[in-house]
């Protein structure tokens, strides 16, 4: 019997340029958002997604035909694409929006990604989308699920382990859930969203950074894709959470019990 | 570190300068020795009592920031001596300023101690030493007098600059109770890279290139030899490069840039790295460039964690020396050879000999990691290392100070006349010899020079 042809994987990794996670966030004076004149970098969960795609290629070698990264953002987002290319992605797609445009929302992003995937059909299509489970600026955690929904694809979210079997055309994903770990198996094409424990992203090595400068980045606009990224939500106000009041030291266990009673915490009757 | 042990019957924790003054006055009258303590992170036993019945005076309860004016443009911070360095850094952060000193012990060390020891650290390359960044000190003199020279004036050429005597005096001329220090603006953009070098010979040319091409944005240039790198990675101190990348490297260099314009600075740094990589005889094998804040701190952790890795590996003999850059490798190798000759190189005695440090300042931290502290190993190393340094006309203590460890070795780096005048100054300030006895200055030759201290009886060297 002839062995069935091993399917070649085309991997798409959507990434987002966000405020660097180590920056101290400050609300702007108009209370419409946060101060964005700070250091930005790739959303940490997206870094993990890029890393996973590169590791997939290291494991499956030629079976991974292409790793494309895509971002929807202002001109500066191209730097984030370059970082992904330096980590090992092959090419990038920059859906460019103006600097002053409001941030796209998860549904808008999902629709844009759908359009990108449609466009990729003529180049071999997309078999696997690996993306961060959430962006650290909005913490929405919706885009992956919405994308799978509108594409009619399988989804495996909060992945802490990903194994792809190209022969069977399926992915086995271990998911981090409240009760522990859950293993799901899905047919490709599928959307996998990454959780923190999936991997630790590599440093961008200098030779790769230099190679990345020559890798292609295709620029498109939302209208090229036929999507409208105008937000459907209006942000009314952004404020800081209430300041944490200090704790207090007590001198004895009796005082602790008295204070707890004061605060309205009663003992549970066994 | 666990190397120096001492006991005292009494520890005092004054809360105000006045209390410090009263304590010192009393001790001076009663001839009781005093050991001032800050964060107790010193590496030369300078904060450990020596069995002369000293009292320990901890500055830890004096930990308030007295004054900081971000608006006036002078950017000086005035703080109690017992403020922990990290807490001052945290205090300044929202105002977009930083402390001009920074090093591994920042979570525990205190600013008063930093000044008393003229601490160096990784930022010295960029901001200079405490002798330049400290604008004023408040010191309690050995007779209890409070010398208040706290000022926020940037320029003040009125008379002899007394504070310079106390900076680096390691508690032997008085107790620092307040510090006024310049706080540079926080850099808008910091970036770092870890470079793998094929051979030690590349280090000096690399340093010259980095200085020339990065010029004002170069803020740190640290050397890590292969042994130190492997030790740090092995003890999980930070993330290293992939093993293939680190492969044949003989040593590593950490470069940090800090500047005002992110794009401009990142471009300068990646241009330099690109040039280095694409030359005919590259000075570097490869390197990694941090892409975000996490990677930035991971790369720094690798360097800052060497100290901890060393203590996890065994008992360390630490030699903090200033020698010509070109001699760094020679000194490490010579020390290894010496130990090998004495049959002390091996898991039973000395497990590792590693070198790392602020190569940009000509400062090497030579660490000999042993299974245990033994007199045999000490005899093999001292005065061998000091003599080696003396040969290069170097410093036996670039930044760690003399404490009790190197007081006897002062003559390897300073001539007799210098030492004599240091002693005269000590006698002038502290005729009863109560301030941190046994530290910094060697005992005078001939009859016992030390004024007799009242031994409270319970002091004992462990």
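Values quoted throughout were computed directly from the atomic coordinates according to the rules given, and no laboratory measurement underlies them. The model shown is predicted, which means the values in this text are computed figures rather than measured ones. Positions of Cβ are generated from backbone atoms using ideal geometry, with glycine treated the same way; all protein chains shown enter the neighbour counts.
Neighbour counting of Cβ atoms within 10 Å sorts the residues B:421, B:300, A:153, fewest neighbours leading, into B:421, A:153, B:300. Between residue A:238 and residue B:71, the distance separating the two model label sites (each 7 Å from Cα on the Cα→Cβ line) works out to 2.7 nm.
For the residues of A:192-204, the average number of beta carbons from a partner chain within 10 Å of their own beta carbon is 3.
From its DSSP helices (H runs of at least four residues, each -39,500 (n - 2.57)), chain B gives a residue-normalised ellipticity at 222 nm of -9000 deg cm²/dmol. Taking other C-beta atoms within 10 angstrom as a stand-in for reagent exposure, A:164, B:11 fall in the order B:11, A:164, fewest first. For region A:145-189, dividing the convex hull volume of the Cα atoms by the residue count gives 64 Å³ per residue. Sorting the segments B:143-152, B:227-236 by their mean number of nearby beta carbons within 10 angstrom, highest to lowest, gives B:227-236, B:143-152. Seen through its C-alpha gyration tensor, with square-root eigenvalues sorted a ≥ b ≥ c, region A:9-225 comes out rounded because a/c lies under 1.5. Partner shielding of B:184-194 amounts to 1, given as the average count of beta-carbon atoms from other chains within 10 Å of each residue beta-carbon. Across chain B, Cα pairs under 8 Å and at least six residues apart give a relative contact order of 20 percent. Note the angle between two axes, namely the Cα long axis of helix A:106-120 and the longest principal axis of the Cα atoms of chain A, as a number of degrees from 0 to 90, rounded to the nearest 10. It works out to around 10 degrees. Peptides B:387-400, A:45-58 ranked from most to least packed, by the mean per-residue count of other Cβ atoms within 10 Å: A:45-58, B:387-400.
Let a ≥ b ≥ c be the square roots of the eigenvalues of the Cα gyration tensor of the protein assembly as shown; is it rounded (a/c under 1.5), or, if not, prolate (a/b larger than b/c) or oblate? Since a/c reaches 1.5 and a/b is larger than b/c, the shape of the protein assembly as shown is classed as prolate.
Between the helical axis of B:328-341 and the longest alpha-carbon principal axis of chain B there is an angle of about 80 degrees.
Peptide A:30-40 has a mean of 1 when you count, residue by residue, the C-beta atoms of other protein chains within 10 Å of its C-beta.
To test your reading of the geometry: what angle, between 0 and 90 degrees and rounded to tens, separates the Cα axis of helix A:44-60 from the longest principal axis of chain A? For A:44-60 against chain A, the angle is about 40 degrees. Helical runs assigned H by DSSP (4 residues or longer) give chain A a calculated mean residue ellipticity at 222 nm of -8000 deg cm²/dmol, each run adding -39500 (n - 2.57) before division by the residue total. Name the shape class, rounded, prolate or oblate, that the alpha-carbon gyration tensor gives for region A:133-238, where a ≥ b ≥ c are the square roots of its eigenvalues, rounded holds for a/c under 1.5, and otherwise prolate holds if a/b is larger than b/c and oblate otherwise. Cα axes put region A:133-238 in the rounded bin.
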